[in-house]
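Here is the structure we will look at, set down as C-alpha cells.
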Amino acid sequence: MVKKADAVSDVLSPLESKILETLWESGGEAKVREIYGRIRKRHPCAQTSVAVTLDRLYARKLVSRRITTGRGGLAYIYRPLQSREQFQKSIVQQAVDRLVARFGDSAINYFDEKYRKNK
Amino acid sequence: MWGMADHVIDAGTLFFQDGTNVTLVAASLAFAVLLILSSRYLGFSARTRSILMHAHVALLLFPLVFFATTLTCKQAGLCEVGLTQTLLYVIPITLALGLAFGLLVVPMLHRWRAQPEAGRWQRFIHRHAGELGMRKAPDVFIVDSGRPEAYSTGGLRPAIFITVGMSETLSERQMQAVLLHELAHIREGSYVLKPITRLLQSVYPEPIVAPAAMTQEEERKADAYATWVQKTNVHLNRAKRKLAE
C-alpha cells in the first residue's frame, strides 16, 4: 500500500513534491526563501533550484504567485492552487480517464467488478 | 483567401523559373551561412560578431523581400522588372528590415514582456553609468519570471533586464555586482550579442551559435569592472555560484 504522501512524488520530481508538501504543511502562502529554509533541513538543495522549480510548478498551474516588495527587494509569494486531497483526486482522475480512453469497456467492466467485490 | 494563395503560388513558380532569381536567392542564403560560420571561426570582436549575425538575418530575409517586391512591381505595373531596378528597391528594404529587426524589434519584444524598475536599481545604474561617462543610462526592467536571470539589450535605448527570481535569490551586494557586470557589457558594446544570440539559438542547433556568442574575454572584462567598483570579487563570485547551482 503506497502512503498518501508518496503518491504525490509518483507524478512529480522529488524536489517538486517536497516544495508542494512544504506549501501544504505551511497552510498557505510562502516566499522562495521561506520554502528553501524549510526544505534544506531535510533535503539539501540550492535556493536557485527551489526558485526554478517553483517557476516550473507555476507554469504547470500547480501554484499561483503574486509579487511583493519588501526590504530584500521584489519577491514572489507562492500559494498552492489545490489542496493535497484535490491534487491526489486529480491524479487519480487523470489515471482512470487515461485507462478508460485506452481500454474502453474492458476498463469500465474491471472497475465495475472491482467496485462490486469491495462493496 | 484561397484565390490569393493560388495567385502567390503561381507567382512563386514563375519567380523561380527565372535563373537569375534562383541564383540571387541561392547566393543570399549561401552568404547567410558563410556569415554565421565566419562569426564562429574567426576571432572577431563582439561588435563585429553582432553585426555579422544581424547581416545573417537580413540575408535570410532577402529572398522574401525580393519575391514580394517582384510580385508588387508586376501587380502595380510600377517597374517593368529590370533586375537592377528591382534590386534598387530590394537591397535597401532588406537592410532596413535587418536594422529594424536588430535595433527595434528584438529590444521591443524584451521590453514588451517586462516592467520598468524606477526604484533603487535604476538609481544605482544611473549613478554608475554617469561615472563611466555614458551619455544615457540604460533603463532597468523587471521580468515576471521565477528563473534567476539577468541580461541586457541594445538598440536605440539599451536596457538591463532582471527577473523577479534574480531579485529574490541574490543579496543586495550580489545584485549590484550582476548589474555592474551587465553595465560593463553595455559599455563594451557586447550587449547587442545576447538578444540576437538568444533568438538564433531558438532556431539553430547550439554548436552553430554558441561560439559566436559572448566570449570568455568579454565576460572577464565585465567581471573585472564589477570587481573594480566593489573592490572585491566576493559578491560577484557568490552570485555566479548561486546562479550556476
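With a requirement of 3 or more residues that are at pLDDT 90 or above, the helices (runs of 4 or more DSSP H) lying completely within region A:1-60 that satisfy it span A:14-26, A:32-42, A:47-59.
The set of residues from region A:14-26 being among the small types (Gly, Ala, Ser) and over 19 Å from residue A:68 (Cα atoms) comprises just one member, A:17. Say we look at region B:152-173 and pick out the residues that are aliphatic (A, V, I, L, M) and in a helix (DSSP H, G or I); which of these is nearest to the other protein chains (Cβ to nearest Cβ)? Filtering region B:152-173 for residues that are aliphatic (A, V, I, L, M) and in a helix (DSSP H, G or I), the one nearest to the other protein chains (Cβ to nearest Cβ) comes out as B:164.
The condition of being in contact with a strand residue (DSSP E or B) (Cβ under 6 Å, 6 or more places away or on another chain) and among the charged types (D, E, K, R) holds for residue B:168. Residues in region A:52-79 that are more than 12 Å from chain B (Cβ to nearest Cβ) and within 14 Å of residue A:12 (Cα to Cα): 3 in all. Close Cβ contacts (under 8 Å, 6 or more residues apart or on different chains) running from residues in region B:130-146 that are closer than 14 Å to residue B:120 by Cα to residues that are in a loop (DSSP other than H, G, I, E, B) comprise B:138/B:157; B:138/B:158; B:139/B:157; B:139/B:158; B:140/B:117; B:141/B:117; B:142/B:117.
For region A:87-99, the condition of being within 14 Å of chain B (Cβ to nearest Cβ) and not aromatic (Phe, Trp, Tyr) holds for none of the residues. Say whether the condition of being away from chain A (no Cβ under 14 Å), in contact with an Asp or Glu (Cβ under 7 Å, 6 or more places away or on another chain) and not charged (D, E, K, R) is met by at least one residue in region B:135-150. There is no residue in region B:135-150 that is away from chain A (no Cβ under 14 Å), in contact with an Asp or Glu (Cβ under 7 Å, 6 or more places away or on another chain) and not charged (D, E, K, R). All told, residue A:90 meets the bar of being surrounded by 12 or more Cβ atoms within 10 Å (Cβ to Cβ) and not assigned by TED's automatic domain parsing to the domain that holds residue A:26. The set of residues from region B:115-127 being away from chain A (no Cβ under 14 Å) and either surrounded by fewer than 21 Cβ atoms within 10 Å (Cβ to Cβ) or closer than 22 Å to residue A:50 by Cβ (or both) comprises B:126, B:127.
Applying a threshold of 7 Å to beta carbon distances and a minimum spacing of six or more residues, or different chains, the list of pairs starting in region A:54-68 at a residue that is closer than 14 Å to residue A:87 by Cα and ending at one that is outside any loop (DSSP other than H, G, I, E, B) and acidic (Asp, Glu) reads A:57/A:16.
Return the residue satisfying two criteria in turn: it lies in region A:40-69 and is touching a Leu at 6+ places or on another chain (Cβ under 8 Å) and more than 19 Å from residue B:143 (Cβ to Cβ), and of such residues it is surrounded by the fewest Cβ atoms within 10 Å (Cβ to Cβ).
A:61
The values are calculated or read from the model by the stated rules, or taken from the named source; none is laboratory data. Bear in mind that the values here come from a model prediction, so they are computed numbers and not experimental data. Glycine also receives a Cβ, built like all others from the backbone with ideal geometry; neighbour counts cover every protein chain displayed.
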